[in-house]
Amino acid sequence: MEPKLMNESIETILQLIGVVNDRHTLSKKLSGGMKRRLSIGISLMGDPKVLILDEPTSGIDPYNRRLIWTIIRKMKEAGKCIILTTHFLQEADVLSDRIAIMSSGHLQANGTPSFLKNQIDFEYRLFIDKNETYQNERITAFIQKYIPTIVLERESISEMIFGIRRSESKYIGQLIHVLDEQSKDIGIESYGLSMTTIEEVFLKLIHEAEQEKSSQNDQTKLQQDLANKIFRAEYDREKGARRFCFRICALIIKRWHVLHRQYIFLCGFFLFPILIEILIVSIFPAPKDIQASLVQNNRIKDAQVTLLPSIYNPHTIVIYSNTNRTDSRIRLIDYIQNTGANIDEISTDNVLNYVNDRYLTNEDFFINKYQVAFAAYNNLTTSGSALKLKSYFSTVNYHAMSTSLSVSSTNLFQYYSNSSMKKIITINQPILTTTTVTYTALQRFFDIIYCFDTLPLSLFNFLNSILAALFISILIVPLIQERINHSKDLQLLTNLTKRTYWLSNTIFDLLSCITLCILLTIIIKIGSIGNPSIESEVHIYINTEQMGYFLLMIIMYSLASLPLIYVYSFSPKSELIGFINSFVINIVVCFFDMVLAFMALFSQGQSTNTSRVSRLTSIVNNIRWFIAVLFPCVNFKRSLFNIRLKSSEECISSLNSLMFTNYSLDEPWMSTHEPGVGIQFIIFVVQMIFWWIILILIEKGTSIKLGCRRCCGCENDLERIDVENPMDNAEDAIPNQWDDAHLDEDVRNERRLLFEENSLSTSSVILVRDVVKRFKKRKEKSLQRRIFTPVDHLNFHVTKRSCFGLLANGAGKTTTFRMLINDLKPTSGEIIINGKDINKMQRDLEIGFCPQFDWLINNLTVIETLYLFARLKGLKWSEISQICDDMIKLFGLEAYETRKIQNLSGGNKRKVSAVVAFIANPALVFLDEPTTGLDAAAKRKLWNVIRAARDAGLTIILTSHSMEECEALCTKIGIMKLGQFMCLGNLQRLKNRFGKGYAVQVKLPLQDINLFKEELMLTLPGVQIDEQHNGILFCTVPFSSINPSRNFTSTYSLKLAHVFDLFNKKKEEKSIESYSITQTTLEQIFVHLAGEDQYINTDDNKNK
C-alpha cells in the first residue's frame, strides 16, 4: 500500500473504531474495550472484503460492547461480508442476518434469527416478582385461568417465570388487564415480559443433542437433587489446634504436589547440586596444585628441569645412521630406548623430508609425536675414527633444542670414551634476578597464598557457596508463582492466617533443604575418603568434626536464607526473573568477597610495614564483614574457609605471620574468635531474625517510609504514594454529615434505611454503610485532582437467600470487591458481614470468592485443588472425599478430575474457581464474572447451580458484564457510576423506572410499511421508529405514550394491554404477519445509566 493511501486508511479506521484521541497511546495502556476495537481495526487494514471476527466482545463491558456492535453494523453497511463467532447469543441476534449453531462439531441449525426463534414453543416469558408470604400454587392457578396452557418454568420464594406458547400470545392483553386489577390481592408486586431469544434456541438444540447421546432423561432432576443435597448440608468443621495442624498439612501436601510435577524444579533443586558437588570433590585440584600451575618458575623452589627425551613421552624419535655396524649407532639407540621413546629408524639421509611429510598428514604428529631427531655420520674412509651428529628439534614445545643437544653431547661423550656408562646430564635452572629484600616479601606471599580465601585457589568454598545459592534461589519460584497468579490471596480468603501460610512454606522448604544438605554432606564425606590427594580441600572432611560443622553451617545458611527469599519474593514480576536475579546477585557478592580477600592479602604482602596491618587491608576486611552480615551465602563461604583454616596449622601460622592475626589451632569450634565458626553461627541467627521481622512488617502492611514520614510530622506531605496505599489524612477530608439529596430516590431510601434500622446489622448477611475509599493519584499536581474517590458513600444490604448484582463500568467495582473481601480497608464507613465489622478484625470471615481472573495453582489437578481448599476451610478430613466428588459432579467436571489446572480450557477453569467459591457452603459468596469464557449451555448449567445455592440459603454478590446473567440470577441490582449507585432495586423495578419503554418488532409486507408507520404514530403517540430491515419494522413504545404519569398505576397496565390488543387486532386482520413486544433489557438500562465511566481506566485496570 502506498504511504499516502496507507495514512488515509489508518485515519479512516481510527475514526471508525473511535480511538482517534488515543492514536499515540501504547496498546498495553488501553482498556479492554479499546484493545478489542483496535483488534477489529487491524483486521480492516487493506480493505478486505471478508472479515472473520472471533469473539469480538469477549470479556468487555456493555458500553464497549455496544460500540463494537456499531462498528460491525457500519462494516455491514459498507458491503463487507462478516463471519462472526460468539458465545454471547444476543450479539448474534442483533448483528446477524443468518445464524448457524454447532454442537460437538456438527451443524445443528441454520437460518435467520426469526426462523430459529420460531422453532421454540414459547414465544413470551412472563416474569413475576411476588411477596414471599404468598404461595406459588395460588399465583399459578390464578394465571392459568386466563392462559390455561401457560407453563411454570422456574420458581423460587420471591420470583416465578412462566412460558407462554405462540398460540396463546393473543391472550396476553387480557391477562395484563386482570393482573393490574388483582395483582396485589394474590401477592404479585410487579411483572414483566420478554420474548424468546436465540440463546433459548441454542440451549434447546444442545439439550436435544445431549438427549440423543444419553438415556438419562431425568439428568436435570438428578442435578437439582444433588445441588439441594450439597447446598443444604451443614458440615462439621475442625477447630483449634487440629484445624491449625490440618491446614499446615494441607499446604505441605500442596507444595509436594507442585514440587514433584515441576521436573525443572526437581532437577535444579536436587539433581544439579548433587552432580555439581560430585564434580567439586572429584575433579577440582588442590590449592597447592593450582598454585604450582599459576605461579612463575622463578618463584618456586626446585623449579629446575632435567633435559631428557622422556619429558616428551610418549613421542617418536627419527634416527638415521650411514652405517648399521658401528658402536655409535647402537649406543644412540640404547640411550633413546632407555628414555621410553619410540624410534623410527630410516635408511636414507632425508630426516627433514620424512618428518615434514608426516606433519602434513596429521596435526597431532606436528604437536606431540616428533620433537627431536638425529643423524649420525661415521667417517669410515679415514684411518682415524670420527663421528659427526646432526640434531633436529621441534619449535613447538619448550626445551626441544636443549634436549636434542643434550642427547648429542652424551652420544659423542660415550663414543670418544668408548663407554656406554658415561653420560652428560643437562639441567635447566631458572636464575633469580630480584633483590634480596623484595624477593623475601614476595616469596613469602606466594608461598602461602593457597591458604587464603582467594580465587582461583579456594575453589571448594566458593563453589559450595554458589551451590547453596542455587538451591535456595530455586525455592523462590513457587512463591513468586503464587503471588503473581494470586493463588496465595485465594488461600488466605479461607481464613488462613499469613502466619500459617509462611510457617507451612518454611517447614516444607526447610525439610527439602535439610534433605539436600545431608545428601551433599554424604557426597563430601565419600569424596574426602576417595580423593587420593591429601592436599585437596575436601580431604579435611574425612574427620567427623569438620563434617559435622559443615552440615551445621549449611543448615544454618538455609535457615537464614529462607526468610530472605520470602521477603524478596514480593518484588519480581516473574518467577524466572526472580530466580535469575537472586542467583546472579549471590554469585556476584561471593565473587566480590573473594576479590576483596585477594586485595587485602596482596596489599599486606606488598606492604613495607612488617609490624601491623596496612590501612587498605583493614578497610577491605571491614567491607568483607559488612557483606557477610548482609548476605548469608557470603557468611556461609567464610564459615567453610574457617573450617578449612582450623584444620591446617601451617595455614594458621602463615596467616598470623602475614596478616598479624592471633589465630590458634586450639580455638574451640564454636568460638566467636576465628578460626572458630561461632561468629558465623551468630550472624546466621541475626540474619534469620532480621528477615523474619521484615517479612512480618510487609505482611502487616507496615510502610517504613510512611512511618518515617509520620515520625517527622510530615503526614500532610503530598509526595507520591502508590495507588495501593490509602491517604494518610483521607478521613479528615470526609464530612460527618453527607448530603444525599443528589442521589436517586431508591438509593437515598436505602441509605436512610440503613441508618434508621439498627436491626439490619444483624438480620442482613452483608451490610455496607456509607463506605468511602480514597486514594492519592501518583502524578497529579493539583490537590483536588490528586484525591481520587472510586467509592463514594456506598450503601446497600443483602439478606439471606439473595443474589445482589453489583454492576459498574469501571466505577470502583474492583475496589468495592476488594473491600468486601477484606483485602483493602475503606477510608471510612462500615462493612458488616454476618454481624461482624470486618474493618475491626483480621480475616475471620466465612466467605467464598470466585475472582474475575482464575487465582488457581497451575500444577495441581482439579481434585487436588478442591481437596486443598476443603482442608483449608476446616472440613473434616473423613468427609472431604465425598464432598469433593459431589461438587465435581454438580459442576460437570468429572472428565477433568485428574487433569492439571494449566491444561484446562478457560471455561473449565472458571468452573473450578466457582467450585472453590462454593465449597463448604460459605454464608456469603462473591462471584466476579463467573461465566466468562463459557458457552451458552455451560453458562446456563452454572446459572442453575448458582440459583440452587441461592435458593438453599446462600447469599451471593455477583458482578458480570452479562446483563442477561444478572437478570437470570439477581434478586437485587445496583448500577454504579462515579463511585455511587445510579439505581438500586429488583430487576422489575429497574425496568419499570428506567426503561425507555417496550421494544416492538413488526413483520409486514414491504408495500404496507409506510402506511402502517403513519397509523402507528397516530394510535400510539410518541412511538419511535428505530429502523426497518427486510420487511421488519423496529420501534420503541415509550412509557410516556403508555402512561404519561409514570406512576405505574392501573393506567400503565391498561395501556400496555391496549398495545397487545392493538397488534393482535392487526394480526387478525392480516395487516401484519407477526409481531413481538419485549420489555427494556437490563443492558439497555445499564448503558443508559452508566455509559462510559471516566474512572474506567483509573481504578479497575490498575487494581487488577
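The values are calculated or read from the model by the stated rules, or taken from the named source; none is laboratory data. Not measured: the values here are computed from a predicted model. Ideal geometry is used to build each Cβ from the backbone, glycine not excepted, and the neighbour counts take in all protein chains shown.
So the values come out like this:
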read-out: Condition broken by Asn495, with the remaining ones in (1) touching a helix residue (DSSP H, G or I) at 6+ places or on another chain (Cβ under 9 Å); (2) surrounded by fewer than 21 Cβ atoms within 10 Å (Cβ to Cβ); (3) assigned to a helix (DSSP H, G or I) satisfied; value: (3)
read-out: Candidates Ile40, Ile71, Ile13, filtered to the one that is in contact with a strand residue (DSSP E or B) (Cβ under 8 Å, 6 or more places away or on another chain) and at negative phi; value: Ile40
read-out: Some residue of the stretch 1089-1099 being buried (at least 20 other Cβ atoms within 10 Å of the Cβ) and at pLDDT 80 or above; value: no
read-out: Residue under evaluation Ala870, criteria (1) part of a loop (DSSP other than H, G, I, E, B); (2) modelled with pLDDT of 90 or more, criterion not met; value: (1)
read-out: Criterion: in a helix (DSSP H, G or I), out of contact with any Leu (no Cβ under 9 Å at 6 or more places or on another chain) and farther than 21 Å from Lys1067 by Cβ - qualifying residue of Gln174, Gln182; value: Gln182
read-out: Whichever residue in the stretch 1052-1088 is at pLDDT 80 or above and among the aromatic types (Phe, Trp, Tyr) and, among such residues, is farthest from Ile973 (Cα to Cα); value: Phe1063
read-out: Residues satisfying the stated conditions in the stretch 87-105, i.e. without any contact (Cβ under 8 Å) to a residue 60 or more places away in the chain and not in a loop (DSSP other than H, G, I, E, B); value: Glu91, Val94, Leu95, Ala100, Met102
read-out: Within the stretch 341-379, tally of residues that are among the hydrophobic types (A, V, I, L, M, F, W, C) and in a helix (DSSP H, G or I); value: 6
read-out: Subset of the stretch 437-457 that is among the polar types (S, T, N, Q) and either part of a helix (DSSP H, G or I) or modelled with pLDDT of 75 or more (or both) - its residue that is surrounded by the most Cβ atoms within 10 Å (Cβ to Cβ); value: Gln443
read-out: Flag if Leu84 is out of contact with any helix residue (DSSP H, G or I) (no Cβ under 6 Å at 6 or more places or on another chain), hydrophobic (A, V, I, L, M, F, W, C) and not in a strand (DSSP E or B); value: no
read-out: Scan of the stretch 628-661 for residues that are at pLDDT 90 or above and surrounded by fewer than 19 Cβ atoms within 10 Å (Cβ to Cβ), ordered by number; value: Val629, Leu630
read-out: Residue match in the stretch 323-340 (condition: at pLDDT 85 or above and outside any helix (DSSP H, G or I)); value: no
read-out: One residue from Asn378, Asn350 being in contact with a helix residue (DSSP H, G or I) (Cβ under 9 Å, 6 or more places away or on another chain), surrounded by fewer than 19 Cβ atoms within 10 Å (Cβ to Cβ) and closer than 20 Å to Leu332 by Cβ; value: Asn378
read-out: Residues being of a type in the set (A, V, I, L, M, F, W, C), touching an Asp or Glu at 6+ places or on another chain (Cβ under 8 Å) and more than 15 Å from Gly192 (Cα to Cα) - total across the stretch 977-1003; value: 5
read-out: Hits in the stretch 513-567 - residues which are free of Cβ contacts under 8 Å to residues at least 24 places away in the same chain and either outside the structural domain of Lys498 (by TED's automatic domain parsing) or not in a helix (DSSP H, G or I) (or both); value: Pro532, Ile534
read-out: Residue in the stretch 252-265 that is basic (Lys, Arg) and buried (at least 17 other Cβ atoms within 10 Å of the Cβ) present; value: yes
